[in-house]
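Please read through the structure below; I'll follow up with questions.
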Amino acid sequence: MTEMSTPVAGLRAGSPPAGPPRGARDERLEPAGRLTRSLRRPELGALLGAVVVFVLFGVADSTPQHLWFTQTGFESWAQQAAFFGIMAVPVGLLMIGGEFDLSTGGMTGFTAILMALLIGQLHWDAWLAVIATFAFGALIGALNGLVVVKSKLPSFIVTLATYFVFRGMSIGGVLLVNHGSTELSLTNPNGGGIGSARAVFGSSFGSNAGLPTGYQTAIIWFVVVTASAVWLLSRTRFGNWIYAVGGDANAARNVGVPVARTKVLLFMGTSTAASLVGVISFLQTYSAVSEQGVGYEFYYIIAAVVGGCLLTGGYGSALGAALGACIIGMAFQGVIYAGWDSSWNFTFLGVILFLAVVVNMLIYRRANRARR
Amino acid sequence: MLEVRGISKYFGSVNALSGISATVGAGQVTCVLGDNGAGKSTLIKILSGVFPPDEGEILVDGDPVRFGGPREARDLGISTVYQDLAMVPLMSVWRNFFLGSEPTKGWGPWRRFDVEKARELTSRELAGMGIAIRDPEQPVGTLSGGERQAVAIARAIHFGARLLILDEPTSALGVKQAGVVLKRIVQAREQGIAVIFITHNPHHAYPVGDRFVVLSRGTSLGEFAKSEITREELIRLMADNAELEALAHELDVVPAALGVEADEDTAG
């Protein structure tokens, strides 16, 4: 494949003005070694970060039985990471596609409340409620996406508006139907389909002597979402389009990429994932609280950025976003295991976000270094 | 392969092009030369189907055609490589190469982007054009301007271009890089592809061109075969014209400006 090894016929006619001799390589370019290549992988920083954070909290662990390195410790941060990761991964895809979604946190809470209303108040079959909640999520995503694509307004503003609409609805709506209480609970968890729906979304698996409660089903969903996103991004046409619409929408349009459709589908991805989180959290606890999930949209964005997704779009990794979610999950649980005040979580998040943005910027410059 | 006869285009009262005729055959390079505002980009847009001419006709393989849009022109094998190249800098060479036309394998939900094929075809196509890309994984943003032009040309040829329209491919490049692009033009011609090479630089046009069309202020100063014109004549044709224009412009503007200033001085 290199030109050095394949002699190519020179010019036969109309010799142009002096060009470099065929096959001459620019001596200023060093060959890209294995190290440089792996440095180019966007999720590398997040992987190293996750290892460092894991070891750090292992050392800081102040529980008497040193639970951090046991199944108990693993499960505690993994389930937290799952709730962040199911969102961070599609939010990461959307960011690679060049857009933001600030309505995600509010949507996770609102869809949980929707589940509580449909099952608890309207006595729907649980599976019908699950389907309706997913359809609702997809619809909201489509609306977000269409407004962004058609109005050409920044998605930051459009979804900020959506976020406030849902935040208001999830507080006001619950107060309305619930006579002044902000929590909607299922008083009779024996309705149609609830048992089987819970088994799929809100249950646990793999219980053993070391961890009698088992692992939360959410962890499986996290793995499924991450694996699907990795596959989508690296092995499908749609994945190629995601990079393209975020990297240069105009160029993408010129070569026939359906830019608007790609973006709308990405918005549908984040809001449908929010429905998944709402469904899981409701079926796990049989209750939903208004304001649940509020403010989490920033955790998702932080996870995606830590995972190597560029704020300006066009670059990033689904696996990286998942690793970013793991870092946040480990930090939140690790602080508890270390016996520190959990307020320091925010400081920690701020620091890793800053570090991640600096690293991303360096990567971006590196990728664009030779631009002329 | 392509012939235009007496095409004109008006934008309101501005006569952007009037009565332009040109031909390009398979395995030929027709250079369209002209200074800024000569009507080169209007001509490109007509040829690539962005808008139709107001007068005159376009013939492809001898048959008159009327393009409904760029897609129709592309379907006839007319491929335009614009200055911005339609490439995404942060994406790898092979991802860019097949962007929008990704090869797939499998079916139903398992239909997927055939990345192995895409990588292999990219390497083969680029090697076939003698383009030294160290690694098709490298982002397009790390390529030099000449390399990026070469990749865009290779891409257009791979996707069945029979006529390549190159919009100022050398204008933003240094001498060496421009040389690289000129080689690609010669290679495309040797593959039997018709090339329309738009440039304002007669030094770039003359070595690779078979025919030359010189535009000035929307009109054609003539179409010449290479045998009918020397490099010096071509340069003079362009330079004279540019100089005359500049001179006329100066004569128009300078005394007026001086006059106004003088008036103001006396008034003040």
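The values are calculated or read from the model by the stated rules, or taken from the named source; none is laboratory data. All of these numbers come straight from a predicted model, not from anything done at the bench. As a convention, Cβ positions derive from the backbone with ideal geometry for all residues, glycine included, and neighbour counts pool all protein chains shown.
What do you reckon, is residue B:232 modelled with pLDDT of 70 or more and on the phi < 0 side of the Ramachandran plot? Let's see the steps before the verdict.
Details: modelled with pLDDT of 70 or more: yes; on the phi < 0 side of the Ramachandran plot: yes.
Here the answer is yes, as residue B:232 does meet what is asked.
Kindly check whether there is at least one residue in region A:197-216 that is closer than 30 Å to residue B:116 by Cα, outside any helix (DSSP H, G or I) and of a type outside the set (S, T, N, Q).
To start, the set of residues in region A:197-216 that are closer than 30 Å to residue B:116 by Cα comprises none.
No, the conditions are met nowhere in region A:197-216.
Going by what's in this entry, would residue B:46 be described as touching a helix residue (DSSP H, G or I) at 6+ places or on another chain (Cβ under 8 Å), of a type in the set (A, V, I, L, M, F, W, C), more than 14 Å from chain A (Cβ to nearest Cβ) and under 25 Å from residue B:204 (Cβ atoms)?
Answer is no for this residue.
Pairs please, first residue from region B:44-72 and closer than 12 Å to residue B:5 by Cα, second anywhere and of a type in the set (Asp, Glu), Cβ atoms under 7 Å, 6+ apart in sequence or on different chains.
B:59/B:3; B:64/B:57
Condition (residue is in a helix (DSSP H, G or I) and over 30 Å from residue A:118 (Cβ atoms)) applied to region A:156-163: is it met by at least one residue?
Let us first name the residues in region A:156-163 that are in a helix (DSSP H, G or I), namely A:156-163.
When the remaining residues are screened for being over 30 Å from residue A:118 (Cβ atoms), the result is A:156-157.
Yes.
Further question on the same structure: Please find, within region B:46-68, the residue that is farthest from the chain's Cα centre (by Cα) out of those that are among the small types (Gly, Ala, Ser) and on the phi < 0 side of the Ramachandran plot. First the steps, then the outcome.
Step one: list which residues in region B:46-68 are among the small types (Gly, Ala, Ser), which gives B:48-49, B:56, B:62, B:68.
Going one step further and asking which of them are on the phi < 0 side of the Ramachandran plot, we end up with B:48, B:68.
Values: B:48: 10, B:68: 20 Å.
Looking at residues that are among the small types (Gly, Ala, Ser) and on the phi < 0 side of the Ramachandran plot, I get B:68.
Something else now. Which of the residues belonging to region B:91-113 are among the hydrophobic types (A, V, I, L, M, F, W, C), over 19 Å from residue B:150 (Cα atoms) and at the interface with chain A (Cβ under 9 Å from one of its Cβ atoms)? Give the derivation first.
Our first condition is that a residue be among the hydrophobic types (A, V, I, L, M, F, W, C); within region B:91-113, this holds for B:91, B:93-94, B:97-99, B:107, B:110, B:113.
Checking the rest, the ones that are also over 19 Å from residue B:150 (Cα atoms) come to B:107, B:110, B:113.
Hit for region B:91-113 is B:113, nothing else.
For region A:354-363, which residues satisfy the criterion of being of a type in the set (A, V, I, L, M) and crowded, with 19+ Cβ neighbours inside 10 Å?
Matches in region A:354-363: A:356, A:359, A:363.
Does residue B:192 satisfy the condition of being on the phi > 0 side of the Ramachandran plot and within 14 Å of another protein chain (Cβ to nearest Cβ)? Give the steps one after another, and end with the answer.
Values: on the phi > 0 side of the Ramachandran plot: yes; within 14 Å of another protein chain (Cβ to nearest Cβ): yes.
Against the criterion (on the phi > 0 side of the Ramachandran plot and within 14 Å of another protein chain (Cβ to nearest Cβ)), residue B:192 qualifies.
When you check residue B:140 against the structure, is it facing chain A (nearest Cβ under 8 Å), over 23 Å from residue B:193 (Cα atoms) and of a type in the set (A, V, I, L, M), yes or no?
no
So which of A:295, A:313 is within 14 Å of chain B (Cβ to nearest Cβ) and on the phi > 0 side of the Ramachandran plot?
On the way: A:295 fails: within 14 Å of chain B (Cβ to nearest Cβ).
Of the residues listed, the single one that is within 14 Å of chain B (Cβ to nearest Cβ) and on the phi > 0 side of the Ramachandran plot is A:313.
Restricting attention to region B:155-181, which residues are among the aliphatic types (A, V, I, L, M) and more than 15 Å from residue B:83 (Cα to Cα)? Lay out the reasoning, then the answer.
Of region B:155-181, the ones among the aliphatic types (A, V, I, L, M) are B:156-157, B:161, B:163-166, B:172-173, B:175, B:178, B:180-181.
Residues satisfying the conditions are B:157, B:161, B:163, B:175, B:180.
A further question on this structure: Residues that are modelled with pLDDT under 90: which helices (runs of 4 or more DSSP H) entirely in region A:265-372 hold 3 or more of them?
A:344-367
Turning to a different aspect of this structure: Please state which of the following conditions residue A:172 fails to meet, knowing it meets all the rest: (1) in a helix (DSSP H, G or I); (2) surrounded by 13 or more Cβ atoms within 10 Å (Cβ to Cβ).
(2)
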